[in-house]
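Asker: I have a structure here, written as structure tokens, and I will follow up with some questions on it.
The values are calculated or read from the model by the stated rules, or taken from the named source; none is laboratory data. Remember, it's a predicted structure, so these values are computed and weren't measured experimentally. When we count neighbours, we look across all protein chains shown, and the Cβ atoms used for this are built from the backbone with ideal geometry, even at glycine.
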Amino acid sequence: MSEPEKLHGLGDILDHAPCGFLRFNDDGTVLRANTTLSEMLGIPVSAIEGVHASSLLTQAGKVFFQTHFFPTLRMQGNVNELYLSLMSKDGAKIPVLINAVRSEKPEGCFNDCIIVGIKERERFEHALLQAKKEAERANELKEIALTELSEANESLALAKDAADAASLAKDSFLAALSHELRTPLTPVLLTASDLERNEVLPPEIREQMSMIRRNVELEATLIDDLLDVSRINHGKLTLNRAPFDLHEIVAQTEEIVLSEVEEKQISLVMDLQASSHHVNGDPARIEQVIWNLLKNAVKFTPEKGTVTVTTKNDAKSCVVVEVSDTGIGIPAEQLPVIFTQFEQGHATGKHRFGGLGLGLSISQAIVFAHEGRIGAESEGEGKGSTFSITLPTIEKPVEASSPDPENPGAVEGMRILLVEDHESTRLVVSRLLSKVNHDVIAVGTVEAAREAFDSQPFNLVISDLGLPDGSGLDFMSEIRSRSEVPSIALSGFGMPEDVKRIKASGFTKQLTKPIKMDRLNALICEIDHSSKVAGGTD
Amino acid sequence: MAEGISKRNNVTVFGKGSRAFVFAHGFGCDQHMWRYLTPAFEDDYRIILFDYVGAGKSDISAYDSERYSTLEGYAQDVLEVLRELDLKDVIFAGHSVSSIIGALAWLEEPERFSHLIMVAPSPCYLNQLPDYVGGFERADIDGLLDLMDKNFLGWAGFLAPMVMQNSDKPELTGELEESFCSTDPVAAGEFAKATFLSDYRHVLPEVSVPSLILQCSDDVIAPVGVGDYMHERLPCSELRRMKATGHCPHVSHPDETINLIRDYLSSAVHE
């Protein structure tokens with residue numbers, strides 16, 4: 001191939017190469033352009049050659065060419081992957097990438113560029129850029145949202161702290177309220193019970209004393225109910241679980257309602273058929289539930305009606321206690337709300353039967369806490385109603401011998417230190433304990449108690465908690481450092497936290513006010529029994 | 001502090017003369033662009049080169065978007081360099097936007113300047129029709145910013161904006177340092193806005209320092225009409241129309257540029 005042919009061939013290749021080609025001198029004047037570039041621009045090669053290279057660019061491209069591209073190429077000798085925009089004949093913008101190299105030759109300086117159209121790539125880049133901007137915006141929004149969230153969380157934490165503090169204050173208030181409400185009941189209850197049993201008194205006086213006792217007990221129950229509702233609403237209902245015989249509990253509740261049953265000439269039928277009747281639960285709480293159902297049944301059954309208590313086992317070996325009556329019944333529309341707080345079966349004449357309507361809601365909460373079920377059925381008004389509770393059973397536990405609190409037996413006289421600031425309570429308890437042969441020293445302050453305790457030996461300390469010059473808890477902690485003497489806390493504080501604190505301070509037993517002498521005597525008997533087993537007290 | 005400004009603005013000092021000749025680069029490049037001119041003057045002058053903060057090898061950590069959002073901020077760079085070197089009566093050559101930056105610096109501390117050499121200057125790049133044709137519309141400037149983004153940011157920049165402000169990425173900074181006319185992408189974008197959206201036509205009549213306007217032919221950035229406009233309003237100006245085309249005669253046509261400056265200085269100094 002001859003030299004001109006070779007050159008011609010090369011020229012042909014250059015002209016139709018798959019990229020634009022442009023050569024300009026240091027003045028910027030275009031010396032050579034290929035066909036591909038001419039086709040990209042829609043301008044004949046002859047019209048490109050001779051013009052200033054920057055005139056092929058958009059206005060923005062011209063600035064970039066003049067201020068950056070050209071000086072850099074001149075100084076550096078090459079520029080790679082430069083992004084520029086050409087302007088086609090019809091004014092359209094053509095995005096291109098340019099690689100340029102400068103060469104100095106005897107015949108002059110040449111700046112040679114290859115130019116690749118990147119329309120498609122620019123579309124991608126544009127989409128990417130948009131996506132990036134959107135992502136940045138989204139990120140900004142996220143940051144803002146996070147900041148707001150964190151601020152909200154802070155406010156929430158503050159609000160929660162405030163709520164917790166308020167809740168704590170409420171609990172303390174309830175505990176104090178319970179103490180204040182129960183304390184005055186104690187001497188009344190003790191005195192009334194004592195006089196009721198005093199055979200020297202005329203029967204009508206003893207009858208009136210009985211009425212006083214029942215009403216004080218009712219009052220104490222109402223206080224208990226309100227406290228229970230408060231515990232349930234705060235999720236603080238705690239159970240002191242132990243295995244127990246449900247039939248025994250049912251039998252005990254029967255005793256409680258007996259006088260009322262007799263009074264209304266109600267026929268009380270006990271049909272305890274369950275073969276499996278031991279439950280792992282809180283016997284006092286379950287007794288509370290059954291007593292409540294039984295009490296309701298008696299209350300809502302007219303004279304000469306029938307109340308039936310049955311037990312049976314269901315298919316899942318649970319024990320079911322049903323309390324049915326032939327009483328006023330429950331209207332169908334009331335059944336769904338019967339377990340709601342402050343509801344009674346009859347919307348009208350609500351307080352015809354007295355009470356706050358808390359019993360069933362408390363019962364439900366207690367049964368639920370035992371993983372049990374509670375239900376009510378009634379054929380309608382005047383057709384009686386049936387309440388049932390279902391509880392999981394356990395195997396009958398092996399019997400452990402323990403003193404029977406109902407029958408304490410003989411207790412030898414003890415030296416008892418009684419610390420109680422409520423004067424009436426102190427006098428009554430002291431008198432009643434003395435009556436059963438105990439030697440009682442009764443004081444009203446921590447200071448006096450300390451003095452008495454240090455000056456003589458005691459077999460038992462019975463102490464109130466809220467004392468004028470300190471707390472019974474602190475007093476107990478103090479004497480625990482030097483004595484193992486058994487002790488009973490007398491308290492209106494019925495909240496579980498209080499029970500914990502009472503135990504922690506060293507009290508052996510706790511008795512909630514109002515004090516029933518039977519219960520106090522039973523506790524003293526228990527303590528006497530275990531101290532004998534342990535080998536006596538100091 | 002003494003070294004602070006010199007380091008910040010990457011100040012280069014050389015030459016044998018006692019009189020200082022300061023060269024200020026324009027938008028899009030750095031002090032390298034004076035390399036064809038300075039050899040002609042270094043025997044007679046003390047040559048001072050520098051990079052504006054954000055350009056070349058300046059300390060990008062000193063960049064402050066607010067300060068450099070207007071040309072006054074760049075004028076502060078000039079004055080701070082002159083103050084640190086304790087220079088007065090300097091000849092100040094500014095390319096393109098640096099012509100106006102020099103004028104702004106002179107307005108603040110005139111005693112530091114004796115002459116301004118304005119290479120391809122423009123007081124306002126946007127068209128202010130019907131009275132003034134700067135050459136550009138706002139959309140053109142947006143197009144320029146887009147081009148700069150694409151060229152300076154690159155793919156890394158796409159994915160990680162402001163990379164150059166991250167001093168914990170030395171490899172990227174290093175890459176920049178090796179090339180001519182390097183620039184921080186963010187700073188460059190803001191310099192572009194400060195430059196191309198500015199309008200300092202109103203200050204021209206106050207700039208009574210002796211000045212030389214070098215007007216290129218066929219310059220899209222500073223069209224011939226703009227040179228005339230400046231010459232009419234700068235009280236002590238001389239206008240030289242150059243054969244050089246484009247916008248960077250000191251790069252493309254150094255000899256012509258050198259000769260015009262020499263002529264001007266020799267006549268001006270001997271006046």
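Asker: Could you list, in sequence order, all residues of region B:124-155 that are aromatic (F, W, Y), surrounded by fewer than 20 Cβ atoms within 10 Å (Cβ to Cβ) and not in a strand (DSSP E or B)?
Answerer: Residue satisfying the conditions is B:W155 alone.
Asker: Kindly provide the set of residues from region A:186-200 that are among the hydrophobic types (A, V, I, L, M, F, W, C) and within 15 Å of A:L427 (Cβ to Cβ), ordered by number.
Answerer: A:V188, A:L189, A:L190, A:A192, A:L195
Asker: Looking for something of a type in the set (A, V, I, L, M) and either out of contact with any Gly (no Cβ under 7 Å at 6 or more places or on another chain) or at pLDDT below 80 (or both) - is there at least one such residue anywhere in region A:324-333?
Answerer: no
Asker: Given the residues A:V269, A:V257, which is the only one that is at pLDDT 85 or above, in the same structural domain as A:E379 (by TED's automatic domain parsing) and among the β-branched types (V, I, T)?
Answerer: When all the criteria are applied, what remains is A:V269.
Asker: Okay, next question. State whether one or more residues within region A:473-487 are surrounded by 23 or more Cβ atoms within 10 Å (Cβ to Cβ), assigned to a strand (DSSP E or B), more than 36 Å from the chain's Cα centre (by Cα) and modelled with pLDDT of 85 or more.
Answerer: no
Asker: Can you tell me how many residues in region B:220-235 are in contact with a helix residue (DSSP H, G or I) (Cβ under 6 Å, 6 or more places away or on another chain) and more than 14 Å from chain A (Cβ to nearest Cβ)?
Answerer: The total comes to 2.
Asker: If you don't mind, another one. Taking the options B:V207, B:V251, B:V203, name whichever one is of a type outside the set (F, W, Y), touching a residue at least 60 places away in the same chain (Cβ under 8 Å) and within 14 Å of chain A (Cβ to nearest Cβ). Give the steps one after another, and end with the answer.
Answerer: Working: B:V207 fails: within 14 Å of chain A (Cβ to nearest Cβ); B:V203 fails: within 14 Å of chain A (Cβ to nearest Cβ).
Within the list B:V207, B:V251, B:V203, the selection yields B:V251.
Asker: Let me ask another. For A:H247, work out the one condition from (1) under 30 Å from A:E381 (Cβ atoms); (2) touching a Ser or Thr at 6+ places or on another chain (Cβ under 9 Å); (3) surrounded by 15 or more Cβ atoms within 10 Å (Cβ to Cβ); (4) not small (G, A, S) it doesn't fulfil.
Answerer: (1)
Asker: I would also like to ask the following. Hey, which of the helices (runs of 4 or more DSSP H) in region A:41-153, taking only ones fully inside, have at least 2 residues that are within 12 Å of chain B (Cβ to nearest Cβ) and in contact with a strand residue (DSSP E or B) (Cβ under 6 Å, 6 or more places away or on another chain)?
Answerer: Once the helices (runs of 4 or more DSSP H) in region A:41-153 are filtered for at least 2 residues that are within 12 Å of chain B (Cβ to nearest Cβ) and in contact with a strand residue (DSSP E or B) (Cβ under 6 Å, 6 or more places away or on another chain), what remains is A:70-76.
Asker: Here's a follow-up. B:C29 fails exactly one of the following numbered conditions: (1) buried (at least 21 other Cβ atoms within 10 Å of the Cβ); (2) of a type in the set (A, V, I, L, M, F, W, C); (3) more than 12 Å from chain A (Cβ to nearest Cβ). What is the number of that condition?
Answerer: It fails just one condition, (3).
Asker: Would you say A:L237 is part of a loop (DSSP other than H, G, I, E, B) and over 19 Å from A:L511 (Cβ atoms)?
Answerer: It is true that A:L237 is part of a loop (DSSP other than H, G, I, E, B) and over 19 Å from A:L511 (Cβ atoms).
Asker: Additional query: Among the residues of region A:15-40, count how many are among the polar types (S, T, N, Q) and outside any helix (DSSP H, G or I).
Answerer: 3
Asker: Picking from B:G56, B:G15, B:G4, which residue would you name as being of a type in the set (G, A, S), out of contact with any helix residue (DSSP H, G or I) (no Cβ under 7 Å at 6 or more places or on another chain) and at positive phi?
Answerer: B:G15
Asker: Within region B:84-100, can one find any residue that is small (G, A, S), over 12 Å from the mean Cα position of the chain (by Cα) and within 14 Å of another protein chain (Cβ to nearest Cβ)? Spell out how you get there, then give the answer.
Answerer: Applying the first criterion (small (G, A, S)) to region B:84-100 yields B:93-94, B:96, B:98-99.
When the remaining residues are screened for being over 12 Å from the mean Cα position of the chain (by Cα), the result is none.
Scanning region B:84-100 turns up no residue that is small (G, A, S), over 12 Å from the mean Cα position of the chain (by Cα) and within 14 Å of another protein chain (Cβ to nearest Cβ).
Asker: Considering only residues of region A:141-195 that are in contact (Cβ under 8 Å) with a residue 12 or more places away in the chain and hydroxyl-bearing (S, T, Y), which is surrounded by the most Cβ atoms within 10 Å (Cβ to Cβ)?
Answerer: If we take residues in region A:141-195 being in contact (Cβ under 8 Å) with a residue 12 or more places away in the chain and hydroxyl-bearing (S, T, Y), then A:T186 is surrounded by the most Cβ atoms within 10 Å (Cβ to Cβ).
Asker: I would also like to ask the following. Does A:I223 qualify as being outside the structural domain of A:A274 (by TED's automatic domain parsing) and surrounded by 15 or more Cβ atoms within 10 Å (Cβ to Cβ)? Before the answer, list the steps.
Answerer: Numbers: outside the structural domain of A:A274 (by TED's automatic domain parsing): yes; surrounded by 15 or more Cβ atoms within 10 Å (Cβ to Cβ): yes.
When the stated conditions are applied, A:I223 passes them.
Asker: Still on this structure, I have one more. For B:V226, are the conditions met, namely being in contact with a Gly (Cβ under 8 Å, 6 or more places away or on another chain), in contact (Cβ under 8 Å) with a residue 24 or more places away in the chain and among the aliphatic types (A, V, I, L, M)?
Answerer: yes
Asker: If you don't mind, there's one more thing I want to ask. Is it the case that A:V307 is assigned by TED's automatic domain parsing to the domain that holds A:G327 and either in a strand (DSSP E or B) or among the small types (G, A, S) (or both)?
Answerer: yes
Asker: Go through region B:12-123 and tell me which strands (runs of 3 or more DSSP E), entirely inside it, have 1 or more residues that are free of Cβ contacts under 8 Å to residues at least 40 places away in the same chain and farther than 20 Å from B:H253 by Cα.
Answerer: Output list reads B:12-14, B:45-50.
Asker: Say we look at region A:436-463 and pick out the residues that are touching a helix residue (DSSP H, G or I) at 6+ places or on another chain (Cβ under 9 Å) and touching a residue at least 60 places away in the same chain (Cβ under 8 Å); which of these is farthest from A:L417 (Cα to Cα)?
Answerer: Restricting to residues being touching a helix residue (DSSP H, G or I) at 6+ places or on another chain (Cβ under 9 Å) and touching a residue at least 60 places away in the same chain (Cβ under 8 Å), the top hit is A:V436.
Asker: Still on this structure, please answer the following. Answer yes if at least one residue in region A:186-204 is over 23 Å from A:E217 (Cα atoms), among the charged types (D, E, K, R), part of a helix (DSSP H, G or I) and not assigned by TED's automatic domain parsing to the domain that holds A:S430, and no otherwise. Steps first, answer last, please.
Answerer: Pass one, region A:186-204, residues over 23 Å from A:E217 (Cα atoms): A:200.
Those left that are additionally among the charged types (D, E, K, R): none.
No, the conditions are met nowhere in region A:186-204.
Asker: Continuing with the same structure: Being more than 19 Å from the chain's Cα centre (by Cα) and among the small types (G, A, S) is the filter here; which residues of region B:227-271 pass it?
Answerer: B:S266, B:S267, B:A268
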